[in-house]
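Just so you know, all these numbers are worked out from the coordinates, no wet-lab data involved. On a predicted model such as this, the values are computed, not experimentally measured, just so you know. Cβ placement follows ideal geometry from the backbone for every residue including glycine, while neighbour counts extend to all protein chains displayed.
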Amino acid sequence: MTTAAAPVVAVTLRGEAGLYYADIPSAGLQLRFDHFREERGALSTEVTVQTVVPGGMPVYYDALRVNLLAGKRAKADFASLLTQATGLPDADTLVNKLFGEVKRRHRQGEQVVNLADIVPQPMRWRCWPLLPNGLPALFVAKGGTGKTTVSSVVAACVTSGMTIAGLRPVKGRVLYLDYESSADDMALLIHAIWRGVGIEGTPDIFYRPCHRQLVDEQEELRRACMEIKADLVIVDSVSRAAACEDENKSGPVSLYYNALSTFGWRDETGYHRPSTLSNSHTQKGEGSDKTARGSGNWEDQARSVWRLNHTLDGSTHEIGLFDTKRNLRRQMLPVGLRIDYVYGESAAEDTEKPLEAVLVSKSDVRDNPDLAAKLSGPDRVKAALRNGPISRQDIARESGVSQDAVDVVLSRGKKSGRFLQFLDGPNAGKFALVSTEE
């Protein structure tokens, strides 16, 4: 008598870098492998077994730790548990093959590629000119400067696909990891921005409050990023996300960026790594507007760094963003934003006025003396040139840049065709911009 062979169970394994999903469509099951740990000759992982069939038991086993290098008996025990809980046939063969493939993928790491096979592409942007696509960006500023507000404006740009105050996005999904505020406060701000800039519909931004360091929740956050298919992840702020207060300690910073680099997801078009935007407070004390708190590695390991300065006049907030890191791109011009907070009438004298709208418009940092003072020397020279023909001596006096440095900037500007020097007439010897759009 011949015994019929058990049907072959089809399994699709997906994921990377320590987070894998095994889909078993015929049984309506999904196995998730995460939280890998390799020590003392064992490679263990947590396995969660759940159904993907509506109305079924949501989770059969939650975070069951198994050793992928275990012997036949241990694998058979796990296969037996799987069969008893789900009725899956021939689980022994499935477990053996699945454990071997997960182990192989986890250990192989990134693939070696030949750069000769890669066609160089121009830099792509998630939100121009602030966020390069798929790379880490950093906002650095003192508390109260407006990092959260600007980050929320960026989130509104990306999730709506709408250009706001000159910020041009590529539409995508946003995941906001909040270590400082609450869902109610962030919803109030986001809805007010939505109304202020005239975006139709309601905000579609995914929000998660966080209370542990990012590396301690790395697997959960990666899973959220994968399930949402996030194109932009915002972390507000890194002082709590990495608990890095000592400026001489770079270890927590590296762990933080390493964790961010594992965020991503795959679809039929390939692997997608989200852009990330991290908000960092500056060091306390003298020169506190210059260095990210915790370590210079915050700025070293980011690919785009913007320092924020601001002025606040009543309910009007003027914010200047200054590009301080180029890498393989040209330095961006300063970005100026005017934020107007519109409040309604309070219900009673002892209650705060409700925030009804946040108006966001483009501004020129050169028109604000406090922000203009943060410009680089060449930018201050260009600012002095905006008001028409001016002598080199007056440029030095108005810009606060030394005469020698002014002469170098003027010489380079003439050679590049950006500056004009009058040779005769009433403005002889004076300089002006060729284009007022400079």
**Request:** Sketch the reach of a paramagnetic label on Arg330 as a point 7 Å from Cα along Cα-to-Cβ, and name the residues of segment 128-152 whose backbone nitrogen lies under 16 Å away.
**Result:** 128-130
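How big is D for segment 7-50, in µm² s⁻¹ as a whole number, if Stokes-Einstein is applied with the Kirkwood radius of its Cα pairs at 25 °C and 0.890 mPa s?
214 µm²/s
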**Item:** Pairs from Lys171/Lys362; Lys103/Lys171; Lys374/Lys414; Lys75/Lys229 whose Cα-Cα separation, in the structure shown, is over 31 Å
**Value:** Lys103/Lys171; Lys75/Lys229
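Between Arg412 and Thr51, what length comes free when the chain is fully extended (0.36 nm per residue of separation minus the Cα-Cα distance, one decimal in nm)?
Full extension of this stretch gives 123.3 nm more.
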**Fill in**
If the label point sits 7 Å along Cα→Cβ of Asp267, residues of segment 141-184 with amide N under 17 Å come out as 158-161, 170-175
**Fill in**
Rounded to 0.05, the calculated FRET efficiency for the beta carbons of Asn67 and Asp117 at R₀ = 35 Å is 0.40
**Message:** For a Förster distance of 51 Å, can you work out the FRET efficiency between the beta-carbons of His191 and Ala432, rounded to the nearest 0.05?
**Reply:** 0.65
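Between Glu352 and Ser315, what FRET efficiency comes out of the Förster formula 1/(1 + (r/R0)^6) with R0 = 22 Å and r the beta carbon distance, rounded to 0.05?
Numbers: r = 13 Å, r/R0 = 0.58.
FRET efficiency, Ser315 to Glu352: 0.95.
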**Packing-based exposure ordering (other Cβ within 10 Å, fewest first) of Ile319, Ile199** = Ile199, Ile319
**Message:** What percent of all Cα-Cα pairs in segment 12-108 falls into each 5 Å bin, going from 0 up to the bin containing the maximum distance?
**Reply:** 3, 13, 26, 28, 19, 8, 3, 1, 0
**Message:** On the Cα set of segment 376-433, report Rg and Dmax in Å, please.
**Reply:** 10.1, 32
**Identified option (computed log10 I(q)/I(0) by the Debye sum over Cα atoms at q = 0.08, 0.09, 0.14 Å⁻¹; candidates (1) -0.72, -0.86, -1.30; (2) -0.43, -0.54, -1.31; (3) -0.60, -0.73, -1.31)** = (3)
**Item:** For segment 89-160, alpha-carbon Rg and Dmax in angstrom
**Value:** 21.7, 61
**Prompt:** Counting other C-beta atoms within 10 Å, which of Met332, Met123 has the fewest, and how do the rest follow?
**Reply:** Met123, Met332
**Request:** Evaluate the distance, in nm, between pseudo-label points positioned 7 Å from the Cα of Ala243 and of His211 along their respective Cα→Cβ axes.
**Result:** 1.4 nm
**Message:** Which one, Arg104, Arg303, Arg126, has the greatest fluctuation when you compute a Gaussian network model over the chain with C-alpha springs under 10 angstrom?
**Reply:** Arg104
**Request:** Out of all DSSP beta bridges with both ends in the chain, state the antiparallel percent to the nearest 5.
**Result:** 70 percent
**Prompt:** Considering amide H positions built from the backbone, and no H for Pro or chain starts, which residues 5 or more places from Ser278, or on another chain, come under 5 Å of its amide H?
**Reply:** Ala137, Leu138, Phe139, Val235
**Fill in**
Highest GNM mean-square fluctuation among Leu308, Leu221, Leu31, for the chain with Cα springs under 10 Å, belongs to Leu31
**Asked** Placing +1 at every Lys and Arg Cβ and -1 at every Asp and Glu Cβ, with all other atoms neutral, what dipole size does the chain have around its Cα centre, in debye to the nearest 20?
**Response** 1660 debye
**Request:** Give the peptides 232-242, 402-412 in descending order of average Cβ contacts within 10 Å, highest first.
**Result:** 232-242, 402-412
**Prompt:** How large is log10 I(q)/I(0) at q = 0.08, 0.11, 0.15, 0.18 Å⁻¹ when the Debye formula is applied to the Cα atoms of segment 125-370, each weighted equally and without solvent?
**Reply:** -0.29, -0.56, -1.07, -1.54
**Relative contact order (%) - criterion: Cα under 8 Å, at least six apart; region: the chain** = 11 percent
**Request:** With springs only between Cα atoms under 10 Å apart, run a GNM on the chain and tell me which of Asp424, Asp323, Asp379 wobbles the most.
**Result:** Asp424
**Complete:** Put in order of increasing Cβ neighbours within 10 Å, starting from the fewest, Phe431, Phe206 give Phe206, Phe431
